[in-house]
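These notes are about the structure you will find just below.
The values are calculated or read from the model by the stated rules, or taken from the named source; none is laboratory data. The shown structure was predicted, so the numbers you read here are calculated from the model rather than taken from an experiment. All Cβ positions, glycine included, derive from the backbone under ideal geometry; neighbour counts span all protein chains shown. Each accessible area value is taken on the protein alone, full model and side chains, heavy atoms only, with ligands, DNA and RNA left out. Shrake-Rupley method; radii C 1.70, N 1.55, O 1.52, S 1.80 Å.
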Amino acid sequence: MYSHSRAEGFGSEVKRRIMIGTYVLSHGYYDAYYVKAQKLRRMVADDFRNAFAQCDVILAPNAPTAAPLLGSSSDNPVQAYLSDIYTVSVNLAGLPALSLPAGQTNAGLPVGVQLVGTHFAEAALLGIAHQIQQQSDWHTLMPG
């Protein structure tokens, strides 16, 4: 049942990332990568902690490009990893965040932003996102 649910429940990109992580942690790379990654994770969390000493939430892009066309898929895993570049640090720091629409490109492709909050700030993020949607029509736009 476990292997069957994983085979159907995860897409190829998720499976690829799980396999890379499993390989790195199981083939003698633990000290070389995991310990260094934990130190980097602490540095990222400290940077966010310093930022939240000056503000309540952070508004940032959630991707370096607009959303891809429906049905288009990239067989380039590096490109897929690069599309996550703005969300990785939030995940490393273990912070709550949400993405919401923020308009469209001239070609009609959706553009999104993310709201990032400090630990346990989920209610504040949802309230701010609600206010943004009350003041805009971005969430009603259809990709052109």
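Express the accessible area of segment 19-124 per residue in Å², computed with a 1.4 Å probe while the remaining protein chains stay in the model. Don't jump to the answer; show the numbers that get you there.
Values: 7260 Å² over 106 residues.
Here the per-residue accessible area is 68 Å².
With P(r) over Cα pairs in 5 Å bins from 0, in percent as the read-out, I listed [x] 2, 8, 13, 15, 17, 17, 14, 9, 4, 1, 0; [y] 2, 9, 18, 21, 18, 12, 8, 6, 3, 2, 1, 0; [z] 2, 9, 19, 22, 22, 17, 7, 2, 0, 0; which label goes with the value calculated from this structure? Of the labelled values, this structure produces [x].
Across the chain, the longest piece that holds none of the chymotrypsin sites (Phe, Trp or Tyr not before Pro) lying in DSSP loops with up to 12 other C-beta atoms within 10 Å covers 30-119. Result for the chain in a Gaussian network model with C-alpha springs under 10 Å: among P96, P61, P77, the largest mean-square fluctuation is at P77.
Ligands, DNA and RNA left out, the accessible area of the chain computed with a 1.4 Å probe is 60% carbon and sulfur.
Ignoring everything except DSSP H segments at least 4 long, calculate the 222 nm mean residue ellipticity for the chain; use -39,500 (n - 2.57) per segment, divide by total residues, nearest 500.
Helices in the chain give a 222 nm mean residue ellipticity of -15000 deg cm²/dmol.
Residues whose amide H comes within less than 5 Å of that of Q104, counting only those at least five positions distant or on another chain, are V111 (H built at 1.01 Å from N in the peptide plane). Among the protein heavy atoms, those of K39 account for about 130 Å² of accessible surface (1.4 Å probe, every chain in place). The heavy atoms of S12 offer some 90 square angstrom of accessible surface to a 1.4 angstrom probe.
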